[in-house]
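The values are calculated or read from the model by the stated rules, or taken from the named source; none is laboratory data. Small disclaimer: the values here were computed from a predicted structure and weren't measured. Methodologically, a virtual Cβ is constructed for each residue, glycine included, from the backbone with ideal geometry; neighbour enumeration extends over all protein chains shown.
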């Protein structure tokens, strides 16, 4: 005897933002931040892993399931008493009323003018927008192709211009099986229409004349390039050392990028590349190991770095932060962007 049970459909939860300013539907157990961004809400955020505190949200009413102990988060004791949570670490369990300060985000249409496949399955993508977009160095935007409902977040790789940019550029890693990156890798070509929503995030304020050590994992190089190029234009003295970690020699995609940057910088930018999984018998004569192994007291003293910029996969960012703190760099001088996979 067989019984067929019909699975009960779970109705989405309604999230009221800022007393009716915005209302979105969210699936139960979806994180508040992910759902808000999926619905195009200009939600303040940066790291998306609970370390930056920028997505702090006042929970007026309703239930969430925290993915971390908020007492160990950047939230202050007063904020915790007042009902604040981190949206990136909060699964929605009921209808909610929340209060946030929304980011300023713009919608732009555009067309691809460059889609260059680089080593390491990295796509250098440039889009000409219908209107100029103003953003800050280190920010990112949500991109989608106009023939698809899929959207993903990517950091700008070029410096912001006075009055805004009509041309925006990105470095996008192809993720095997990734619905968006695979589609983009195979179909991006000049003339393809794109949609951009942004800018989002913030890398934090820093002295434009400060020397910096920049640690990048893979396409975490994109926001580093944006910040370094911006500072080179705004400062006549700031110097930079960029440490780039990739897995294999064949994954090194930034040779031309670094040559162009070093020529632009007139001796103010140095670069080092380290390979984490290069076969021992290969002809690579450069650094080997994890990019964090290059962060040493001697190196910081050599470049006289007073600030650090760290961008890439969340585990690498966390490890770099810990090493920089151990070497005496204060949290206020460590500016990070942790990439978190969005799934398929």
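Of the strands (runs of 3 or more DSSP E) lying entirely inside the range 67-164, the ones with 1 or more residues being touching a residue at least 12 places away in the same chain (Cβ under 8 Å), more than 23 Å from residue 256 (Cβ to Cβ) and over 16 Å from the mean Cα position of the chain (by Cα) are found at 84-86, 90-92, 96-99, 106-118, 122-133, 140-145.
To keep it simple, each residue is scored yes or no on (1) assigned to a helix (DSSP H, G or I); (2) farther than 27 Å from residue 123 by Cα; (3) out of contact with any strand residue (DSSP E or B) (no Cβ under 7 Å at 6 or more places or on another chain); (4) at pLDDT 95 or above.
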| site | (1), (2), (3), (4) |
| --- | --- |
| 237 | no, yes, yes, no |
| 243 | no, no, no, yes |
| 257 | yes, no, yes, yes |
| 261 | yes, no, no, no |
| 273 | no, no, no, yes |
| 300 | yes, yes, no, no |
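In the range 172-185, the condition of being touching a strand residue (DSSP E or B) at 6+ places or on another chain (Cβ under 6 Å), assigned to a strand (DSSP E or B) and crowded, with 18+ Cβ neighbours inside 10 Å is met by at least one residue. Can you spot a residue in the range 280-294 that is assigned to a helix (DSSP H, G or I), within 29 Å of residue 48 (Cα to Cα) and free of Cβ contacts under 8 Å to residues at least 40 places away in the same chain? Yes: the range 280-294 contains one or more residues that are assigned to a helix (DSSP H, G or I), within 29 Å of residue 48 (Cα to Cα) and free of Cβ contacts under 8 Å to residues at least 40 places away in the same chain. Residue count for the range 302-325 under the criterion of being in a helix (DSSP H, G or I) and out of contact with any helix residue (DSSP H, G or I) (no Cβ under 9 Å at 6 or more places or on another chain): the result is 5. If I filter the range 41-55 for residues that are outside any helix (DSSP H, G or I), in contact (Cβ under 8 Å) with a residue 40 or more places away in the chain, over 23 Å from residue 313 (Cβ atoms) and under 22 Å from the mean Cα position of the chain (by Cα), do I get at least one hit? Yes: the range 41-55 contains one or more residues that are outside any helix (DSSP H, G or I), in contact (Cβ under 8 Å) with a residue 40 or more places away in the chain, over 23 Å from residue 313 (Cβ atoms) and under 22 Å from the mean Cα position of the chain (by Cα).
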